Amino acid sequence: MNAKIIDGRKLAEATRTEIAEGVAALKRDCGVTPGLAVVLVGDNPASVSYVTAKAKACRETGMLSREIRMPADAREPEVLAQVKALDDDPAIHGILVQLPLPAGISEKNVIDAISPEKDVDGFTPVNVGRMVIGDRCFLPCTPHGILKLIEVSGMDVSGRHVVVVGRSNIVGKPMAMLLARKGRCANATVTLCHTGTPDISVHTRMADVVVVAAGRPGTLTGDMLKPGAVVIDVGVNRVPDASKPKGYRLCGDADFNSCAEVASAITPVPGGVGPMTITMLLWNTLEAARRIVGVQDAR
Ligand code: GUN
């Protein structure tokens with residue numbers, strides 16, 4: 001293997017220590033404990049594990065964590081009423097509704113029910129619009145975490161060609177937008193590939209950095225890379241594996257072994273992007289609490 005491993009766990013740990021210090025300072029100086037509410041509708045196994053991990057990480061930094069679980073057959077008005085109650089609750093500074101929602105519940109309506117000031121996922125149209133024009137906002141957690149990973153790995157993406165694979169609202173679209181902005185850890189030339197791209201390898205072979213967020217194992221293989229490229233793997237896929245206690249193993253969208261032969265650096269799955277996604281959620285929640293009490297960000 002040639003590639004350096006970009007260690008998301010290590011960066012997440014260091015960043016969470018910094019966040020915990022910020023939480024302690026806010027409690028000490030203002031008597032305010034940042035509060036995050038996480039809403040899960042249904043029992044999708046991957047969502048259950050994400051939500052559990054988010055709530056645990058939240059408590060570990062000293063924040064208030066409120067977990068709301070609703071049955072898979074909950075109706076949209078019930079979910080909207082729950083979100084509205086959290087939006088009106090002064091102990092809650094950030095609200096996250098885990099996606100996807102069960103069929104029959106409009107994600108748009110639910111996201112629209114969250115105030116931009118409590119939208120720590122950065123999914124509301126107001127925050128998305130602010131992100132696009134470069135105003136102060138809450139950045140979506142996965143792209144925000146990837147920017148941090150790129151920054152600490154010492155890579156300068158300015159003027160480089162970044163190919164993003166996948167056009168989701170959660171990762172692909174905001175990632176492409178953030179990397180193309182002017183400024184630090186940005187200023188890249190960005191190509192956004194998606195299911196309508198006839199042959200993504202035509203683009204990935206020209207990339208200095210590939211961010212793969214397609215939700216499909218094996219989307220990126222070593223032969224699709226330029227030697228020395230950097231691979232950021234956002235995929236978290238459960239692959240059946242009878243040798244594992246849970247009966248499955250996790251793998252990314254990139255074929256790790258073949259990509260690591262050609263790339264100069266790669267994020268592993270697990271232990272790469274995932275821990276940073278949760279960390280940036282905590283970061284945004286602390287920031288939301290600071291803004292609500294009118295404390296300037298000291299960072
Ligand atoms: N589902 C997958 N990723 C995310 C995320 O970052 N936030 C929310 N709310 N749902 C998700």
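Every number in this text was worked out from the coordinates using simple rules, so none of it is lab data. Note that the coordinates shown come from a computational prediction; the quantities given were computed from them, not determined experimentally. So basically every Cβ, Gly included, is an ideal-geometry build from the backbone, and we count neighbours across all protein chains shown.
When shorter helices are ignored and each DSSP H run of at least 4 residues is given -39500 (n - 2.57), the per-residue value for the chain at 222 nm works out to -12500 deg cm²/dmol. Relative contact order for segment 18-142: 23 percent, from Cα pairs under 8 Å spaced at least 6 residues apart, divided by residue count. Couplings 3J(HN,Hα) for segment 79-88, derived from phi with the Karplus relation 6.51 cos²θ - 1.76 cosθ + 1.60 (θ = phi - 60°), are 5, 5, 5, 5, 5, 5, 4, 5, 5, 8 Hz, where x marks Gly and Pro. The ranking of Cys30, Cys58 from fewest to most other beta carbons within 10 Å of each one's beta carbon is Cys30, Cys58.
Return one number: the angle in degrees, 0 to 90 and rounded to the nearest 10, between the long axis of the Cα atoms of helix 141-152 and the longest principal axis of the Cα atoms of the chain. Helix 141-152 sits roughly 60 degrees off the main axis of the chain. Stretching Ser158 away from Arg249 to a fully extended chain increases their span by 29.2 nm, per 0.36 nm per residue minus the current alpha-carbon distance. Taking the square roots of 5 times each eigenvalue of the Cα gyration tensor of segment 169-218, largest first, gives ellipsoid semi-axes of 20, 13, 9 Å. Set against the 2.2 N^0.38 Å expectation for a compact globular protein, segment 196-247 has a Cα radius of gyration ratio of 1.37.
The DSSP beta bridges internal to the chain are antiparallel in roughly 10% of cases. For segment 268-282, backbone phi angles converted through the Karplus equation (6.51, -1.76, 1.60; θ = phi - 60°) give residue-by-residue couplings of x, 10, x, x, x, 6, x, x, 6, 4, 5, 4, 6, 5, 5 Hz, Gly and Pro being listed as x.
Pairs exceeding a 19 Å alpha-carbon distance, out of Lys148/Lys226; Lys108/Lys148; Lys118/Lys148; Lys56/Lys246; Lys148/Lys182; Lys10/Lys148: Lys148/Lys226; Lys108/Lys148; Lys118/Lys148; Lys56/Lys246. Here the relative contact order of the chain, from alpha carbon pairs under 8 Å that lie six or more residues apart, stands at 22 percent. Computed log10 I(q)/I(0) for the chain at 0.08, 0.09, 0.10 Å⁻¹: -0.35, -0.44, -0.55, from the Debye equation with unit scatterers placed on every C-alpha and solvent omitted. DSSP beta bridges fully contained in segment 113-249 are about 15 percent antiparallel. Across segment 63-124, Cα pairs under 8 Å and at least six residues apart give a relative contact order of 34 percent. Taking the inverse of the mean 1/r over every pair of distinct Cα atoms in segment 230-279 gives a Kirkwood hydrodynamic radius of 11.6 Å.
Derived value for segment 193-299: Kirkwood hydrodynamic radius 15.7 Å. Basis is the mean of 1/r over every pair of different alpha-carbon atoms.
About the centre of its Cα atoms, segment 215-299 shows a dipole size close to 340 debye [charges on the beta carbon of Lys, Arg (+1) and Asp, Glu (-1) only; nearest 20 debye]. Net charge dipole, segment 85-164: roughly 340 debye, given to the nearest 20, about the Cα centre with Cβ charges of +1 for Lys and Arg and -1 for Asp and Glu.
Positive end of the dipole of the chain (Cβ unit charges, origin at the Cα centre): among Ser47, Ser168, Gly183, the Cα lying farthest that way belongs to Gly183.
Can you tell me the FRET efficiency between Asn187 and Cys30 if r is taken as the Cβ-Cβ distance and R0 is 30 Å, rounded to the nearest 0.05? Efficiency, rounded to the nearest 0.05: 0.25. The charge dipole of the chain, taken about its Cα centre with unit charges on the Cβ atoms of Lys, Arg (+1), Asp and Glu (-1) only, comes to about 360 debye. Between Thr197, Thr33, Thr221, the GNM of the chain built on Cα springs shorter than 10 angstrom shows Thr197 fluctuating the most.
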